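Heads up, the thing below is written out as structure tokens.
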Amino acid sequence: DPDVPNVGTAGLMGHTPCTIWVSRWDEWHALPAPDVEFLEDRIRAHLVVPAEHPVRVTNVIPSPYSETVEFLKQRAAAMPEHAEYIEIGESAEGRPIPGIRVTRDLDGKGKPRFVVFSGQHPIEFPGVWGSRGIVHFLTSRLAQAARIRDAYEVVVLPLVNPDGTVHGLSLIHI
């Protein structure tokens, strides 16, 4: 990126070696290790790209905006007595900023509140997956999750930058 001095490939290369994921037709598969070379200044991947078929390559499987919203809605619907899908506002482009609120009594007040947020940097999906894992745990029937719901209100906002996520914006474009 010409507007960001001295970045080079440090952002990507700082995370090697890593699994390289390839998507064809919305299914993600790990590129076999023999097909990936981690060089000093780049990664070389060997793959066959069929004509007229889109292929996406990444080092972290994305959690698209629409799929993340659907996940939150499904988890809230699975436990309506303890969880509710929320939107805390809209992005600059008018997309809802999705979340979920989890607690023992949705009408109750006075519990300590924890807010978990991720997705502020559009292509950094590990945080989004971590937030989704927290939601999955808190909306489970596990005794440990019930104890947390009894004692706290937890708000999870996995994609606080939906526009960047939808557009795939990042500081480094390869």
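The values are calculated or read from the model by the stated rules, or taken from the named source; none is laboratory data. Computed from a predicted structure; not experimentally measured. Cβ coordinates were reconstructed from backbone atoms using ideal geometry, including for glycine residues, and neighbour counts include every protein chain displayed. Just the protein is used for accessible areas: all its heavy atoms, side chains included, with ligands, DNA and RNA removed. Shrake-Rupley method; radii C 1.70, N 1.55, O 1.52, S 1.80 Å.
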What's the whole-number percent of alpha carbon pairs in region 73-174 lying beyond 23 angstrom? 29 percent
On the protein heavy atoms, probe 1.4 angstrom, tell me the percent of accessible surface of region 58-174 carried by carbon and sulfur. 57 percent
Hull volume per residue for region 115-174, using the convex hull of the C-alpha atoms, in Å³ is 74 Å³
Counting only residues 5 or more apart in sequence or on a different chain, those whose built amide H sits under 5 Å from that of S118 are L157, L159, V160
Per DSSP, the loop-located chymotrypsin sites (Phe, Trp or Tyr not before Pro) within region 17-73 having at most 16 other beta carbons within 10 Å are W25
Let me cross-check I88: its accessible surface, 1.4 Å probe, with only protein heavy atoms counted, in Å² to the nearest 10? 100 Å²
Once each part is reduced to its C-alpha centroid, what is the distance from region 61-76 to region 110-127 in angstrom? 14 Å
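Mind putting a number on the dipole of the chain about its Cα centre? Charges go on the C-beta only, +1 for Lys and Arg and -1 for Asp and Glu, and I need it in Debye to the nearest 20.
On the way: 16 positive and 22 negative charges, 161 e Å.
Its charge dipole is roughly 780 debye.
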With Cα coordinates, the longest principal axis of the chain makes an angle with the long axis of helix 125-138, in degrees rounded to 10, of 30 degrees
Computed over the chain, the relative contact order (Cα-Cα under 8 Å, seq sep at least six) in percent reads 22 percent
Roughly what angle does helix 65-78 make with the longest principal axis of the chain, taking Cα atoms, 0 to 90 degrees, to the nearest 10? 30 degrees
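Probe of 1.4 angstrom, ligands and nucleic acids ignored: what's the accessible area per residue over the chain, in square angstrom? Provide the component values of the computation, followed by the final result.
Working: 10630 Å² over 174 residues.
On a per-residue basis, the chain sits at 61 Å².
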Under 20 °C and 1.002 mPa s, how fast does the chain diffuse according to Stokes-Einstein, given a Kirkwood radius computed over C-alpha pairs? Answer in µm²/s, whole number. 117 µm²/s
Sequence ranges 41-49, 96-104, 77-85, ranked by mean other-Cβ count within 10 angstrom, highest first: 96-104, 77-85, 41-49
